[in-house]
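J.: So that we are looking at the same thing, I have put the structure below in structure tokens.
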Amino acid sequence: MASGTATSSGLGGGAPPRPYDGEPVRGCPAARTNRPRTVPPLLAGCFRADPRCDWRWDGEPAWTRRSPIGRRSDGPGHAEVNFLRESQLRTKVNVSRQRTERGDVPCPIGRAAETVGDRWTLLIMRNAMLGTSRFDELRAELGIADNILSNRLGRLVESGLLAKVPYRDGGRTRHEYRLTTAGADMLPVLNALANWGVRHTRPSEPVDPMRVIHSVCGQALTNGEFCERCGRPAPRNEINWLRPWRSPEPFAMADVVPDPAP
């Protein structure tokens, strides 16, 4: 939107309004700081005339004395409408609607990506697969912020991949997050990601690669869960992960929470 000069009609007394020319706005009463501020294009033309502010952009006040930055002035009483907040809420609604629409499409890859297509979600599932189930343990192992971890665990519980199971911690009842059948069924996905990562990515420092191992014979499983040495698929309870940078001993898969009775 091109910038212009506002007229003084209907703006009351005081100095005539100055046009906004793209330079930092200094001394604006609403900014409450002496640091240079620039009126963002998002606010152009979104505010009604306010005689208490002599900064104008396209004939509309970009800042007001009475209202904080980004809040629309509507004369006496001021409709408490935060424009930036409204914009953020509209964005969230649109994103939520897009997620719902993607979840309704027939493609199972799209639906699965909506559920687990996130870095932290995959790493949480990786650690849960190895038996890490408590919030503080996941936070320490992953180096993840509390709010992000709480959000991802909530999504995984809602999606049915993890189940909240109460346990006693001293005198308190807390919850741990255990694999469900749906969560355990992600093992082939994680195995495929591990094998793909070994073939197509490189660590920053030399390290022996992760291997998916059949615990019965020690054969590395590179073709899904089929063991070429034994000539049969390896069930989940016979699959181990060998992560040499963590331990020279392989890790067994965690137990699964029994499905609730129908």
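Laboratory data are not the source of any read-out in this text; all were calculated from the coordinates shown. It should be emphasised that the depicted structure is a prediction, and the values quoted were computed from it without experimental measurement. Positions of Cβ are backbone-derived with ideal geometry, glycine not excepted, and every protein chain shown enters the neighbour counts.
J.: Kindly put TRP196, TRP241 in sequence by how many other C-beta atoms sit within 10 Å of each C-beta, fewest to most.
T.: Ranked by crowding around the Cβ, least crowded first: TRP196, TRP241.
J.: Hey, if you put +1 on the Cβ of every Lys and Arg and -1 on every Asp and Glu Cβ in the range 158-262, which of ASN240, GLY170, ALA192 ends up farthest toward the positive end of that dipole?
T.: GLY170
J.: Between GLU205 and LEU190, what is 0.36 nm times their sequence separation minus the Cα-Cα distance? Round to one decimal in nm.
T.: Length gained, GLU205 through LEU190: 3.2 nm.
J.: With labels modelled as points extended 7 Å from the Cα through the Cβ direction, what inter-label distance (nm, one decimal) is found for ASP118 paired with ARG172?
T.: So the label points at ASP118 and ARG172 sit 2.4 nm apart.
J.: For the modelled label position 7 Å from the Cα of ARG229 along Cα-to-Cβ, which residues of the range 172-213 have backbone nitrogen atoms closer than 15 Å?
T.: 211-213, by backbone N distance to the label point.
J.: Enter the Cα centre distance for the pair the range 221-262 and the range 120-177, rounded to the nearest angstrom.
T.: 21 Å
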